[in-house]
């Protein structure tokens with residue numbers, strides 16, 4: 001019987017990607033990258049991509065990853081409608097200058113959590129959503145008699161909730 005990593009342990013399969021034309025370049029945006037990588041110890045990996053092809057390839061190569069993606073407005077308009085139906089895309093956030101243009105172009109996207117033009121608002125929503133995700137994972141683990149693991153998720157959920165504006 002084959003088991004998916006997603007059902008075994010969320011912390012082994014939860015990844016976050018940031019897709020922007022400059023974020024993936026070595027040496028650029030170090031402060032943002034550092035902040036991202038310290039949001040939660042339960043995120044197994046952060047990926048910084050500078051092309052839609054990189055994100056798409058990653059999703060194809062790692063189908064058992066539960067991926068949360070932050071995208072620039074331009075990339076969201078190009079690739080979000082294509083990757084949104086995939087099971088391994090958990091949710092998406094858009095960071096853009098022109099919120100209205102992006103809203104109009106994307107329309108209704110079921111996995112879109114929000115469109116932001118301020119980092120603090122984006123990170124606040126991400127922390128809020130991670131808190132809810134970790135709380136739900138804790139409940140799932142309790143139901144599976146995995147109380148020690150559940151406690152880790154509940155604690156992280158509460159820690160993130162305290163940081164929410």
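Read-outs: derived from the displayed coordinates by stated rules, not from any lab. The shown structure was predicted, so the numbers you read here are calculated from the model rather than taken from an experiment. Please note: Cβ atoms are built from the backbone with ideal geometry, for glycine as well, and neighbour counts cover all protein chains shown.
Answer rounded, prolate or oblate for region 83-165, using the Cα gyration tensor with square roots of eigenvalues a ≥ b ≥ c: rounded when a/c is under 1.5, else prolate when a/b is larger than b/c, else oblate. Oblate.
Among 118, 132, 26, the largest mean-square fluctuation in a Gaussian network model of the chain (Cα springs under 10 Å) belongs to 26.
Computed over the chain, the per-residue total of -39500 (n - 2.57) for DSSP H runs of n ≥ 4 gives a 222 nm mean residue ellipticity of -16000 deg cm²/dmol, rounded to 500.
Packing, as the average of other Cβ atoms within 10 Å across residues, places the peptides 52-64, 93-105 in the order 93-105, 52-64, highest first.
Between the helical axis of 52-61 and the longest alpha-carbon principal axis of the chain there is an angle of about 30 degrees. How large is the Kirkwood hydrodynamic radius of the chain, in angstrom, based on all distinct alpha carbon pairs? Taking the inverse mean of 1/r over all distinct Cα pairs, the chain comes out at 16.4 Å.
Put in line by how crowded their Cβ is, counting other Cβ atoms within 10 Å and starting with the fewest, 12, 20, 129, 120 read 120, 12, 129, 20.
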